[in-house]
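Data block below; observations after.
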Amino acid sequence: MPQIGYLSEDRLQNIPKRHWAAHEFSFYLHDLIAHLASAAEQSGAGHIQIQLDTEKDVEALKAASNPIDFLSATGRTDEERRLMVNHICAALLPDMLHFIHAGLTALEKRKFTLAFACFRKPFTEGLPLIALLCADEENFFTKFKSDPVGFLDSGNFNRPTKRLAIEAAIAKCSDASFMSADLLHAYLFDFTNTSGFAGLFDKAMHLVTRNHNIKTEAYNLNLIFKDPRQNDIYDASYQGLSYVLLCIHLMQIELLKRMQFPADDYLKQLNIRAAGTYQALFLKGRSKIASSMNETLGELMKCPICHERVRLKKRTAPMFFVTENLECDQCGHVSQFPLAWLMSNNTDDEANRQKSD
Ligand SMILES: [Zn+2]
């Protein structure tokens, strides 16, 4: 798969060339999560409005140490829950992004131990916590308020409970066709999955491990003696990394929609562009989303150099979806294509058509 062109080549030099596009896609997904978190923050999506009806309310607000205490003291439970959930999302996602960014950057330097030590917290603690919020905000709120440690410590919020939380979250997401609790569990918590991260997370964190699937061999210390020139971790990891990041993003969108953030149009584009790139990079067989693009936008996809109609191929789809650059399958010329703009206008046309029906 050719380079997407999302990252500069000097950042990709240490990664095997066959994985450049997959690494760029992982970073693209990180950036999508970051941009959406920032857009939501700027739009004030997490803000709530409170009506102060009486002088007593005004005095209670002045006396409270913070707004959540005021809402609790005056029995505004729904608003208290909304504010708390919004507050957690606004703080947790940036924390997860810091670790994901550090992990992806470590992969650019062949620092495998550091990379998976960084991915461990957002993937096995952050993602399941977001899943809990998606699954049942009221239950989360009640337990988080009364006993956060008992609720979320590793003894109670363990691997089976996290799997259940992910399953319940997927059932609540408005567009969850991409997400599978079984697949996420296999990537994050199954020590027998050779393409999964559970073993890598533990080996990255501990010098010796006891679990029989990843038991440290004689005369060894986990990953300490790993030859940084080996490519096996790259070969096994990128599909899982992309899948987990896309699932985090889909759960983020679900939570933002509950904050009245207008994410429907964004979600439609994401389901084509990110899912289309994932399909082209990692799934066998022809790319259905690329074929559908050829049908819907094919009339507009003409090469400005050889003037032939360009057909989007599985090979050229990642660059097209991520950077909006279309490579001519006849002469190889790469030209810009206003994909987001056209998709946005198509969505508006569709919405207007539905309104007039
Ligand atoms: Zn051409």
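The values are calculated or read from the model by the stated rules, or taken from the named source; none is laboratory data. What you are looking at is a predicted structure, and each value in this text was computed from that prediction instead of being measured. Virtual Cβ from ideal backbone geometry, glycine too; neighbours counted across all protein chains shown. Just so you know, the surface numbers come from the protein's heavy atoms only, side chains and all, with ligands and any DNA or RNA stripped out. Shrake-Rupley method; radii C 1.70, N 1.55, O 1.52, S 1.80 Å.
Decide, for segment 140-267, between rounded, prolate and oblate: order the square roots of the alpha carbon gyration tensor eigenvalues as a ≥ b ≥ c, take rounded if a/c falls under 1.5, and otherwise choose prolate if a/b is larger than b/c, else oblate. Oblate shape, in that a/c is at least 1.5 and b/c is the bigger or equal ratio.
Solvent-accessible area assigned to carbon and sulfur over the chain amounts to 52 percent, based on a 1.4 Å probe. In the chain, the calculated helix contribution to ellipticity at 222 nm averages -19500 deg cm²/dmol per residue, counting -39,500 (n - 2.57) for every DSSP H run with n ≥ 4. Calculated from the alpha-carbon coordinates, the chain shows an Rg and a Dmax of 23.1, 75 Å respectively. Each Lys and Arg adds +1 at its Cβ and each Asp and Glu adds -1 at its Cβ; summed about the Cα centre, the chain shows a dipole of about 1380 debye.
Here the extension length gained between residue 212 and residue 63 equals 48.0 nm, from 0.36 nm per residue of separation less the Cα-Cα distance.
Farthest toward the positive end of the dipole of segment 130-270, out of 261, 196, 206, is the Cα of 206, where the dipole comes from beta carbon charges about the Cα centre.
I want to verify a result. In a Gaussian network model of the chain, Cα cutoff 10 Å, which of these has the top mean-square fluctuation: 16, 262, 304? In the Gaussian network model the winner is 304. Between residue 309 and residue 341, the contour length at 0.36 nm per residue exceeds the Cα-Cα span by 9.5 nm.
Once you have a ≥ b ≥ c as the square roots of the Cα gyration tensor eigenvalues for segment 214-354, tell me rounded if a/c is under 1.5, and otherwise prolate or oblate according to whether a/b is larger than b/c. In terms of gyration-tensor shape, oblate. Checking Cβ-Cβ separations below 4.7 Å across the chain identifies 89, 118, 134, 173, 247 as cysteines lacking any candidate disulfide partner. Considering only 102, 290, 73, the mean-square fluctuation computed in a Gaussian network model of the chain, springs between alpha carbons under 10 angstrom, is largest for 73.
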